[in-house]
Structures are given as C-alpha cells and as structure tokens.
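What follows is a short report on a single structure.
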Amino acid sequence: MPVFSHLYSSALDYELGTDDSTRLFTTARRKQAINEGIEQFADLTECFLRQSTIVSSHGVREYSLQSTVNVPGNDFVRLSRQRPEFQITSSHGGSSAQVTYISGENFERRDVDWLNHYVPGWRDSTGGTPQYW
C-alpha cells in the first residue's frame with residue numbers, strides 16, 4: 001500500500017496524465033479526493049467497525065444514534081451488516097444476576113409503517129422485552 005503522499009502526488013499524476021497541482025488539480029483537492037475515497041472504501045467494505053453500547057431505560061422508546069449522549073464520538077455513519085442485539089441483565093445483582101440476549105431472528109427489524117399496522121399502540125408501550133428494532 002503506497003503512502004498517502006504518493007497517492008496524491010506521483011500516483012495521481014500518472015492516473016490524471018498531468019502533474020498540475022496548482023490550478024484544476026490543486027494539492028488540497030487531491031488530498032480531499034483521496035480521503036473521500038478512503039472513507040467510501042471503509043464504508044462499503046466495513047473494514048473499520050465501531051461497536052457501541054447504549055444503556056436503555058424503562059419507558060424510553062427511541063434512542064437517537066445522532067446524539068453524542070448515545071454515540072460520544074459523534075461518528076455514527078450507519079448500522080453495519082451485523083445486526084443489533086439487546087442484552088437484559090436481571091436486577092438481582094451480584095453473582096446471581098442473569099443475562100439474557102435477544103438477537104438474530106428473535107430481534108427483527110421493522111419499519112414504522114409495519115409497526116403501526118401490526119402492533120397498534122406500540123409507541124405507548126413502556127415495558128416488556130423488545131421484539132423489534
């Protein structure tokens with residue numbers, strides 16, 4: 001893998017067929033284009049995943065992934081192919097606490113229209129184990 005300076009200079013000169021770095025293909029524009037390409041590659045290949053945990057509270061129905069409260073790095077792009085999972089820890093505490101996971105086929109993605117049609121009153125629910133995300 002070439003170093004960054006090679007990508008925006010001689011390697012790009014070769015691809016563009018010109019070494020113009022002062023007018024149309026300025027060095028700043030070259031660097032920006034390389035960085036955008038790297039970001040798009042990372043997004044499409046999911047080679048840089050970040051896993052986050054959001055602590056849920058009884059009675060809260062929605063959590064904003066755009067909020068720095070839930071994603072402190074403010075770097076949420078989108079959900080990966082890895083689906084979310086829900087972890088429930090019993091309130092017994094200590095070594096007797098029981099942990100249950102809801103994931104995969106037991107935790108399906110549903111859009112708002114589907115929920116409105118098949119689960120009337122879903123927005124008013126304040127408890128229980130979630131079935132959908």
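The values are calculated or read from the model by the stated rules, or taken from the named source; none is laboratory data. Predicted model, so just to flag it, every value in this text is computed and none were measured. Cβ coordinates were reconstructed from backbone atoms using ideal geometry, including for glycine residues, and neighbour counts include every protein chain displayed.
Exactly one residue among PHE48, PHE4, PHE41 is of a type in the set (A, V, I, L, M, F, W, C) and touching a residue at least 24 places away in the same chain (Cβ under 8 Å), and that residue is PHE4. Selection of first residues in segment 99-122 that are assigned by TED's automatic domain parsing to the domain that holds ARG83 and within 16 Å of GLN82 (Cβ to Cβ) and of second residues that are surrounded by 10 or more Cβ atoms within 10 Å (Cβ to Cβ) and hydroxyl-bearing (Ser, Thr, Tyr), restricted to Cβ pairs under 8 Å at least 6 apart or on distinct chains, gives the following pairs, ordered by first then second residue: ILE102/THR129; PHE107/TYR132; GLU108/TYR132; ARG109/TYR132. Filtered by the rule that a residue be among the hydroxyl-bearing types (Ser, Thr, Tyr) and surrounded by 11 or more Cβ atoms within 10 Å (Cβ to Cβ), segment 80-106 gives SER80, TYR101, SER103.
To keep it simple, each residue is scored yes or no on (1) of a type in the set (A, V, I, L, M); (2) surrounded by 10 or more Cβ atoms within 10 Å (Cβ to Cβ).
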{"position": "ASP19", "(1), (2)": "no, yes"}
{"position": "GLY37", "(1), (2)": "no, yes"}
{"position": "CYS47", "(1), (2)": "no, no"}
{"position": "VAL55", "(1), (2)": "yes, no"}
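Residues in segment 33-67 that are hydroxyl-bearing (Ser, Thr, Tyr) and farther than 21 Å from TRP133 by Cβ: THR45 only. Of all residues in segment 107-122, which are part of a helix (DSSP H, G or I) and exposed (fewer than 12 other Cβ atoms within 10 Å of the Cβ)? Answer for segment 107-122, where residues must be part of a helix (DSSP H, G or I) and exposed (fewer than 12 other Cβ atoms within 10 Å of the Cβ): VAL112, ASP113, HIS117, TYR118.
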